[in-house]
1. Scan segment 58-72 and report the pairs whose first residue is aromatic (Phe, Trp, Tyr) and whose second residue is not in a strand (DSSP E or B), with Cβ atoms within less than 6 Å and a gap of 6+ or a chain change.
2. Could you check segment 132-150 and list, in sequence order, the residues that are farther than 20 Å from Glu58 by Cα and crowded, with 19+ Cβ neighbours inside 10 Å?
3. Within segment 191-220, can you find the residues that are closer than 18 Å to Ser122 by Cα and polar (S, T, N, Q)?
4. Considering each residue of segment 105-124, count those that are touching a Ser or Thr at 6+ places or on another chain (Cβ under 8 Å) and crowded, with 22+ Cβ neighbours inside 10 Å, and give that number.
5. Condition first: more than 17 Å from Val54 (Cβ to Cβ) and in a loop (DSSP other than H, G, I, E, B). Now tell me which residues in segment 163-182 satisfy that.
6. Taking strands (runs of 3 or more DSSP E) that do not extend beyond segment 270-347, which have at least 2 residues that are touching a residue at least 60 places away in the same chain (Cβ under 8 Å) and touching a helix residue (DSSP H, G or I) at 6+ places or on another chain (Cβ under 8 Å)?
7. When you check Phe280 against the structure, is it buried (at least 16 other Cβ atoms within 10 Å of the Cβ) and either outside the structural domain of Lys145 (by TED's automatic domain parsing) or modelled with pLDDT under 95 (or both), yes or no?
8. Identify, please: which residue in segment 176-214 is within 26 Å of Gly41 (Cβ to Cβ) and among the hydroxyl-bearing types (Ser, Thr, Tyr) and is, among those, modelled with the lowest pLDDT?
Amino acid sequence: MSACQKPALVQGLCLFIIMENDYPLQLVQHADHQLLDAYSGTITQVVHNVADAVVHIEVIKSVADPRTRQQRDAPGSGSGFIISSDGFVVTNNHVIEQAKVIRVSLADGRKVVAELKGADPSTDIAVLKIYENNLKALAFADSSKLQPGQIAVAIGNPLGLQHTVTAGVVSALGRSLRASNGRLIDDVIQTDASLNPGNSGGPLVNSSGQVIGVNTAMIPTAHGICFAVSSNLAAYVAGRLIMNGRVKRAYLGIAGQLVNLTERMIAANKLQKATGVYIFEIEADSPAHNRQLQTGDIIVSLRERSVGSVDDMHKLLSEEFIGQRISIEVLRNGRKVNVEVIPGEMK
């Protein structure tokens, strides 16, 4: 906004008042201060409402010494947050992975041993159980209603009794992130609310103090680009882990890799994608009934949905199709063929 000067006569003297868009600059600055105070007040209130539910997690892991290659105990830490008053805690899988001992420090100073209820490396979500009552718990928001530009506040508890808070906005929605086991995590939120060391597993919350994501990763070379698993995905996974101890997924019992298709193959078979999944191995004793598949087949469709990569297949092989007969389209000798398989359960 540009500033200008307008003359004013005061007792015969010509004075100049600094104007901003036809308003005195002093009034504009006062309005800016009010907006800043309102923003600060929102963040402060969010932290006040949420902080007691954010916990510090300490672990003892067994790791290989790089020099002697012998196993030794090593400490680790991260953050988490309470989702029920009876003590269920959500954190990242990578925080507690291979942990021999897990301890949770609460906001009031209590430190308790936690039990691992379940972990899902494919989404980097884990659920712990602590046996305490009347705990402050956070609620999940509906992440499908998020919009870029919305306020996002990341809260962590990396030191046990000292919270860290960063604020920013939701930068983008629907991002993908590669998990430690190689699978793709979909429905990831990108935010510029920086993640401090030890904030992994802490909540990303909206201006109402509801969880919109679970902070999971940052890119150190990208100047503050951070990611969180969306609340809808985290809530779904957490529910499965509490009920079953793991997330069930369908499994075809094959080893495949992405392959480029020729223009002739695409045109002749009226395919929507220029790639497919080449089957180079079929497990003989897999839990899936896959005898109609052959080595050398190229999967191009699964359940009438186009498939262009292994990640596409992972998205489509959900729990509901375990033990159910489904159709697959493959290219065999350059021609599209329909086959049927019955997926098993991934172990």
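The values are calculated or read from the model by the stated rules, or taken from the named source; none is laboratory data. Everything numeric in this text was worked out from a predicted model, so none of it was measured. Positions of Cβ are backbone-derived with ideal geometry, glycine not excepted, and every protein chain shown enters the neighbour counts.
1. Within 6 Å, no pair qualifies.
2. Leu138, Phe140, Ala141, Ser143, Leu146
3. Listed by number, the residues that qualify are Ser200, Asn215, Thr216.
4. So the answer is 1.
5. Ala179, Ser180, Asn181, Gly182
6. Working: elements: 275-282, 298-302, 326-332, 335-341.
Counting at least 2 such residues, we get 335-341.
7. No.
8. This residue is Ser194.
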